Amino acid sequence: MNDIMLVSLIVTIITAATPLLLASLGELVTERAGVLNLGVEGMMLVGAVAAFAVQFTTGSAILGCLAGAAAGTALAFLFGVLTLTLTSNQVATGLALTIFGIGLSALAGSGFVGNPVAKLPQLNIPGLSDLPVIGKLVFHHDALVYFSIAATFAIAWFLKSTRAGLILRAVGESDDSAHSIGYNVIRIRYFAVMFGGAMCGLGGAYLSLAYTPMWVEEMTAGRGWISLALVVFAAWRPFRLLAGAYLFGGIAILQLWLQARGLLFVPSQVLAMLPYLATIIVLVVISSGPARSRLGAPASLGKPFRASS
Amino acid sequence: MRFKVEQRRHIPHALPWITPVLSFICTLVAAAILFAIIGYEPLGALYQLFVAPLLTVQGLSELALKASPLVLIAVGLASGFRANVWNIGAEGQLIMGAVAGGGVALIFYGEEGFWILPLMCLAGIAGGMAWAAIPAFLRTRFAVNEILVSLMLTYVAGLFLTMLILGPWKDPDGMNFPQSRIFSDSATLPTLIEGTRLNAGVLITLLVALAGWVVMARSLLGFQIRTVGSAPTAARYAGFSRSRVVWITMLAGGGLAGLAGVFEVAGPIGQLIPKLTPGYGFTAIIVAFLGRLHPLGILVAGLVMALSYIGGDNAQVEIGLPNAAVGVVQAMLLFFLLASDFLVRYRIRRVRSAGAAT
């Protein structure tokens, strides 16, 4: 394998990992606040179709991305009304949200199938982007790739070092205690859920504007579910999520790449199973043994909260 | 005048059964508005969706055929949901059941015998159970979240099926299509009514729903399952084993999903193909909730859900309504139901403001 091939392989892996990273970062924040939203796939799809529709009609990639985030937020708000205000079951509501998102996006996108849009432009820094190897690897991606990495750092910092982040984690670990010292659990969870929706919408927008710049029904192809798995795989830690997203993206691309070159000696499906099996193994490791208390899930994850007074 | 939300002390008996009906009516209204927005005549579309399939024998038989896997799976899952065991991987368990049952059909390809079908069913139940046993084992032994494990295994199951029908189980005369041979006659379910696809699996589903009702409502096991779910501390004092309930409900869900898988491949499909189900395993979760986790409620909910599928196909053919609209309507139905649950558990009371009282 020569350098150029390797560089293009890595660049493809980065573009495959970015939508996963964006969506799972959102879900990570949601889950750290104690809410399990299984509607990631649905929120990504409405994000993808909204972004595509807006970019197609206005020609603006920035408006497209914003529309994607807004659509994801809107769906997440609906989830919030049902699970937070009306204390419905989070699992059932999340699944309904996915079904809703699949249907709604297909319905809204039916007029856009088969139309291409301009791909999200790649950054071009004179001098840096022209460097051999490094230029292509580091300085020649679209803005959302950098945004997703910056967001990882920002979220890690927010959760670890800010007061608001501490409160958010307190709400996720023990909603009753957070409530009894005077925090508005429901309002904080609304913010977390809607932030999660915005990031999922953005992840969807990346698919329809950058990864494959077009709209196809159900184009997320299970990436929402992978993002959910990733959050667990990463044990709810942002930097592990970054590594995990690139690992999952890498396996997905490597499998296609090896297959195309006839270098695969096991059925490609075996390779495709690996991320899911790896997630289960990680789950077992973090759920048992000494690591459990340090790495476990937010203690209130998935439990509905309603103030007693 | 202010409004106050408070938890109901006593839930009126009829209320949990009125709200699904109310939700359905709200869905009809919302669906009519949706259809009008996307440019279809609302009443005509609703007629095609919810009425037209009920008017022909063909439509009714397809309805039963479509409801069967949903009910079968939902009855199993509901037992778990009652005990706070969240198996959401029924889709994968269905696939593994179909693989196991289909494997039997392929091994005995060309052979005749009344024993082939029962053997397929047993293999399917075992396959689904085996797949559900993984999250059950991890949950009881390592306290691993069963939602995530059962979900991950759904994707593994789908890939496993694809691997088999692209590899060793590929139809030798199938021109390289990813599919198995078409099962021989003794490996396909007999049809009940000439000219329809209605098969004997539907009857078994009906029996399962009734049996599920008896077990949940009348047996000690059912009582244990309900107690573990609604009052874990009391269950512990009474000596009910939580692990045992996890195992039993997981295996019930997996086994019935596996059986549903066999009924699909030995029934309307007749072979193994990459996409065995239009998401029955996931829709069944909605059906379970729509039916209030009660086997008889699930029977009704399964029929309503199946009606929307068949009506959806119908409306697509007759008036060109996009199939995606049906998904939106199904999701709205669940949204309304989940929202209306709030009214079951809480009541909104008008209270006089403090100033008026003095």
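The values are calculated or read from the model by the stated rules, or taken from the named source; none is laboratory data. For clarity, every value in this text was computed on a predicted model and none was experimentally measured. Cβ placement follows ideal geometry from the backbone for every residue including glycine, while neighbour counts extend to all protein chains displayed. Accessible surface areas use protein heavy atoms only, side chains included; no ligands, DNA or RNA. Shrake-Rupley method; radii C 1.70, N 1.55, O 1.52, S 1.80 Å.
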Return only the number of the condition from (1) more than 22 Å from B:Ile95 (Cα to Cα); (2) modelled with pLDDT of 90 or more; (3) away from chain A (no Cβ under 14 Å) that B:Ala301 does not satisfy. (3)
Tally time: how many residues in the range A:143-158 are surrounded by 20 or more Cβ atoms within 10 Å (Cβ to Cβ) and modelled with pLDDT under 95? 2
Any chance the range A:28-35 includes a residue that's over 25 Å from A:Ile149 (Cα atoms) and either in contact with a helix residue (DSSP H, G or I) (Cβ under 9 Å, 6 or more places away or on another chain) or modelled with pLDDT under 95 (or both)? no
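I'm checking my understanding of the structure. Among residues of the range B:216-232 that are open to solvent by 60 Å² or more (accessible area, probe 1.4 Å) and modelled with pLDDT of 85 or more, which one is nearest to B:Thr140 (Cα to Cα)? Working first, answer last.
First, pick out the residues of the range B:216-232 that are open to solvent by 60 Å² or more (accessible area, probe 1.4 Å): B:218, B:220, B:223, B:226, B:230, B:232.
Imposing the further condition that a residue be modelled with pLDDT of 85 or more reduces the set to B:218, B:220, B:223, B:226.
Numbers: B:Arg218: 26, B:Leu220: 21, B:Phe223: 20, B:Arg226: 18 Å.
The qualifying residue nearest to B:Thr140 (Cα to Cα) is B:Arg226.
In the list A:Val185, A:Val117, A:Val193, which residue meets the criterion of being within 30 Å of B:Phe35 (Cβ to Cβ), more than 14 Å from chain B (Cβ to nearest Cβ) and at pLDDT 90 or above?
Numbers: A:Val185 fails: within 30 Å of B:Phe35 (Cβ to Cβ); A:Val117 fails: at pLDDT 90 or above.
After applying the criteria, what remains is A:Val193.
For the range B:146-176: of the residues being hydroxyl-bearing (Ser, Thr, Tyr) and within 21 Å of B:Gly255 (Cα to Cα), which is nearest to the other protein chains (Cβ to nearest Cβ)?
B:Tyr155
Give the residues of the range B:186-213 that are in a helix (DSSP H, G or I) and of a type in the set (A, V, I, L, M), sorted by residue number. Steps first, please.
The initial filter retains those residues of the range B:186-213 that are in a helix (DSSP H, G or I), namely B:186-187, B:201-213.
Scanning the range B:186-213 gives B:Ala187, B:Val202, B:Leu203, B:Ile204, B:Leu206, B:Leu207, B:Val208, B:Ala209, B:Leu210, B:Ala211.
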Would you pick out the residues in the range A:69-114 that are hydroxyl-bearing (Ser, Thr, Tyr) and more than 7 Å from chain B (Cβ to nearest Cβ)? A:Thr73, A:Thr83, A:Thr85, A:Thr98, A:Ser105
Residues of the range B:284-307 being under 8 Å from the mean Cα position of the chain (by Cα) and under 22 Å from B:Ala45 (Cα atoms), in sequence order, are B:Gly302
Going residue by residue through the range A:284-298, is there one that turns out to be in a helix (DSSP H, G or I), surrounded by 19 or more Cβ atoms within 10 Å (Cβ to Cβ) and at pLDDT below 80? yes
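Just a yes or no: is a residue in the range B:320-327 in contact with a Lys or Arg (Cβ under 8 Å, 6 or more places away or on another chain), closer than 20 Å to B:Leu28 by Cα, assigned to a helix (DSSP H, G or I) and within 13 Å of chain A (Cβ to nearest Cβ)?
Taking the range B:320-327 as the starting set, the residues that turn out to be in contact with a Lys or Arg (Cβ under 8 Å, 6 or more places away or on another chain) are none.
No, the range B:320-327 has no match at all.
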In the range B:337-358, how many are touching a Phe, Trp or Tyr at 6+ places or on another chain (Cβ under 8 Å) and either facing chain A (nearest Cβ under 7 Å) or modelled with pLDDT of 85 or more (or both)? 2
Of all residues making up the range B:165-184, the number that are open to solvent by 90 Å² or more (accessible area, probe 1.4 Å) and touching a residue at least 60 places away in the same chain (Cβ under 8 Å): 1
Please return the ranges of helices (runs of 4 or more DSSP H) entirely within the range B:24-137 where 3 or more residues are buried (at least 23 other Cβ atoms within 10 Å of the Cβ) and touching a Leu at 6+ places or on another chain (Cβ under 9 Å). B:57-82, B:90-107
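On the basis of being open to solvent by less than 40 Å² (accessible area, probe 1.4 Å) and away from every other protein chain (no Cβ under 12 Å), does B:Ala200 make the cut?
yes
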List the pairs whose first member sits in the range B:214-234 and is in a helix (DSSP H, G or I), whose second member is of a type in the set (D, E, K, R), and whose Cβ atoms are under 7 Å apart, counting only residues at least 6 apart or on separate chains? B:Ile225/B:Arg82; B:Arg226/B:Arg82; B:Val228/B:Arg242; B:Gly229/B:Arg82
Taking only pairs six or more apart or across chains, which ones have beta-carbon atoms under 9 Å, a first residue in the range B:2-25 that is farther than 14 Å from B:Leu334 by Cα, and a second residue that is among the β-branched types (Val, Ile, Thr) and open to solvent by 60 Å² or more (accessible area, probe 1.4 Å)? B:Phe3/B:Ile348; B:Lys4/B:Ile348; B:Val5/B:Ile348; B:Glu6/B:Ile348; B:Pro12/B:Ile18
What's the number of the condition B:Ser340 fails, among (1) in a helix (DSSP H, G or I); (2) buried (at least 22 other Cβ atoms within 10 Å of the Cβ)? (2)
Taking B:Leu276 as meeting all but one of (1) closer than 20 Å to B:Arg197 by Cβ; (2) in a helix (DSSP H, G or I), write down the number of the exception. (2)
Being open to solvent by less than 10 Å² (accessible area, probe 1.4 Å), within 27 Å of B:Ala52 (Cα to Cα) and modelled with pLDDT under 95 is true for just one of B:Ala306, B:Ala266. Which residue is that? B:Ala306
Of the residues that make up the range A:176-189, is at least one crowded, with 21+ Cβ neighbours inside 10 Å, closer than 23 Å to A:Tyr146 by Cβ and in contact with a helix residue (DSSP H, G or I) (Cβ under 6 Å, 6 or more places away or on another chain)? no
Out of (1) crowded, with 18+ Cβ neighbours inside 10 Å; (2) part of a helix (DSSP H, G or I), what's the single condition that is false for A:Trp236? (2)
Looking at (1) open to solvent by 60 Å² or more (accessible area, probe 1.4 Å); (2) assigned to a helix (DSSP H, G or I), can you tell me which one A:Leu131 breaks? (2)
Sole exception among (1) within 14 Å of another protein chain (Cβ to nearest Cβ); (2) touching a Leu at 6+ places or on another chain (Cβ under 7 Å) for B:Ala143, by number: (2)
One residue from B:Leu117, B:Leu77 being within 22 Å of B:Ser150 (Cα to Cα) and out of contact with any Ser or Thr (no Cβ under 6 Å at 6 or more places or on another chain): B:Leu77
Checking A:Phe305 against (1) away from chain B (no Cβ under 12 Å); (2) closer than 19 Å to B:Gly158 by Cα; (3) modelled with pLDDT under 80, which test does it fail? (2)
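Is it fair to say A:Gly222 is of a type outside the set (Ser, Thr, Tyr), out of contact with any Ser or Thr (no Cβ under 7 Å at 6 or more places or on another chain) and either surrounded by fewer than 24 Cβ atoms within 10 Å (Cβ to Cβ) or at pLDDT below 90 (or both)?
yes
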